[in-house]
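Structure record follows, encoded as C-alpha cells.
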Amino acid sequence: MLKIVAYVVIALVAIILGLAATKPDAFQVQRSASIQAPPEKVSPLIDDFHSWGSWSPWEKLDPAMKKTFSGTASGKGSVYAWEGNSKVGAGRMEILDVTPSRVAIKLDFIRPFEGHNVAEFTLVPQGGSTQVTWAMHGPTPFVSKIMQVFVSMDSLIGKDFETGLANMKAVAESSK
C-alpha cells in the first residue's frame with residue numbers, strides 16, 4: 001500500500017513539473033482605466049513615489065510598512081524601497097524613464113519571492129480624459145512556473161492593478 005501511495009505522489013509531482021515546464025518564460029499583466037483628468041494631472045501621481053500612498057493598493061495592507069525614498073524627489077532616478085508584513089513583503093522601485101506619455105519603473109521584489117520586473121504606465125490623452133494603462137512584465141523563473149500551474153500571474157496581480165487604477169481615478173478626479 002505504501003508503494004502505491006509513493007508512486008501516486010511521484011506521478012503527481014511529475015505531472016506538476018511537466019505542466020510547469022510548459023508555462024511561458026515571461027509574463028505580462030495589464031489593466032487600463034479612463035480617468036477624467038488630463039495627463040499632466042495624472043502623471044505626478046505616478047512619477048512621484050510620495051504620491052503613491054494616495055492610490056497604491058498595497059499601501060493600505062500594512063500601515064506600519066517602512067518606506068524609504070532616495071534619489072531624485074520625483075521622475076527619473078527616484079527610488080522607493082519598502083519593507084512590510086507578509087502581505088506587502090519587501091522590495092525596491094526605481095523610475096527609469098519619464099515622458100509625457102509613459103513612466104517606466106524597475107521593480108525588484110526581495111520577499112516573499114525574489115523577482116525583477118518592469119512596470120510601465122502609459123498615458124494617452126482622450127479629449128479631457130486620460131486612458132491610463134498599468135502593465136508589469138518580467139521573466140518567469142521555474143518556481144513561478146510551478147506556482148502558475150495553480151494560479152496565474154494575471155489573477156494574482158490583476159485585481160490589485162484594477163484597485164490601484166480605481167484609486168488613482170478617484171484621486172485625480174477629486175483634485176480637478
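Every read-out reported here was derived from the displayed coordinates using simple, explicitly stated rules and does not represent laboratory data. Please read all numbers here as calculations on a predicted model, not as lab measurements. For neighbour counting, all protein chains shown are included, and Cβ atoms are generated from backbone atoms with ideal geometry for every residue, glycine included.
Using each residue's phi in the range 36-50, evaluate 6.51 cos²θ - 1.76 cosθ + 1.60 at θ = phi - 60° and report the 3J(HN,Hα) Karplus result to the nearest Hz, with x for Gly and Pro.
Ordered by residue, 3J(HN,Hα) equals 7, 7, x, x, 5, 8, 7, 3, x, 5, 9, 8, 10, 4, 5 Hz.
Work out the count of Lys pairs in the range 1-145 where the Cα-Cα distance is under 16 Å, with the pair 8 or more places apart or on different chains.
Working: Lys23/Lys145; Lys60/Lys87; Lys66/Lys87; Lys67/Lys87; Lys76/Lys106.
So the count works out to 5.
Given 37 °C and 0.692 mPa s, how large is the Stokes-Einstein diffusion coefficient of the range 20-79 in µm²/s, with Rh as the Kirkwood radius over Cα pairs? Kindly include the intermediate steps, with their values, before the conclusion.
Details: Rh = 14.5 Å.
The calculation lands on 227 µm²/s.
In nanometres, what is the gap between the two model label sites at Ser54 and Val5, each 7 Å from Cα along Cα-to-Cβ?
Output for this residue pair reads 5.9 nm.
Among 35-48, 59-72, 143-156, how do they line up from the highest to the lowest mean number of other beta-carbon atoms within 10 Å?
On the way: 35-48: 18.9, 59-72: 13.0, 143-156: 14.6.
Per-residue Cβ counts within 10 Å, averaged per peptide and sorted highest first, yield 35-48, 143-156, 59-72.
So, in nm, how far is label Phe109 from label Thr72 when the simple model puts each one 7 Å beyond its Cα toward the Cβ?
Between Phe109 and Thr72, the label points sit 2.8 nm apart.
Divide by every residue of the chain the summed helix terms, -39500 (n - 2.57) for each DSSP H run of at least 4, and state the resulting mean residue ellipticity at 222 nm, rounded to the nearest 500 deg cm²/dmol. Before the final figure, lay out each step's value.
Working: 4 runs with 58 residues, N = 176.
Here the helix-only value at 222 nm equals -10500 deg cm²/dmol.
What residues qualify as long-range amide H neighbours of Asp97, i.e. H under 5 Å apart, gap of 5 or more or another chain, H built at 1.01 Å from N?
Ala104
Taking every Cα atom in the chain, find the radius of gyration and the maximum pairwise distance Dmax, and write them in Å.
Every Cα atom of the chain included, Rg and Dmax give 19.2, 70 Å.
Using 0.36 nm per residue, how much length does the chain from Ser144 to Ser86 gain when fully extended, once their Cα-Cα distance is taken away? List each step's numbers first, then the result.
On the way: separation 58, 0.36 × 58 = 20.88 nm, distance 1.77 nm.
Full extension of this stretch gives 19.1 nm more.
Compute the acute angle (0 to 90°) between the alpha-carbon long axis of helix 2-21 and the principal axis of greatest extent of the alpha-carbon atoms of the chain; round to the nearest 10°.
30 degrees
Taking R0 as 35 Å, what's the FRET efficiency between Leu17 and Ser174 from their Cβ-Cβ distance, rounded to 0.05?
Calculated value: 0.10.
Given H placed on each backbone N at 1.01 Å, which residues far from Gly89 in sequence or on other chains put an amide H within less than 5 Å of it?
So Gly89 has HN proximity to Gly84.
In whole Hz and in residue order, list the ³J(HN,Hα) couplings for the range 130-141 that follow from phi through the Karplus curve 6.51 cos²θ - 1.76 cosθ + 1.60, θ = phi - 60°; x for Gly and Pro.
Once rounded to whole Hz, the list reads 9, 8, 9, 10, 10, 10, 9, 9, x, x, 10, x.
Please compute P(r) over all alpha-carbon pairs of the range 53-107, binned at 5 Å starting from zero, and give each bin as a whole-number percent.
Going from the shortest bin to the longest, the percentages are 4, 19, 25, 25, 17, 8, 2, 0.
Does anyone have the angle between helix 153-174 and the longest principal axis of the chain? Alpha-carbon axes, 0 to 90°, nearest 10?
The angle comes out at about 10 degrees.
In debye, nearest 20: dipole of the range 19-164 around its Cα centre with unit charges on the Cβ of K, R (+) and D, E (-)?
With only Lys, Arg, Asp and Glu charged at Cβ, the dipole is about 200 debye.
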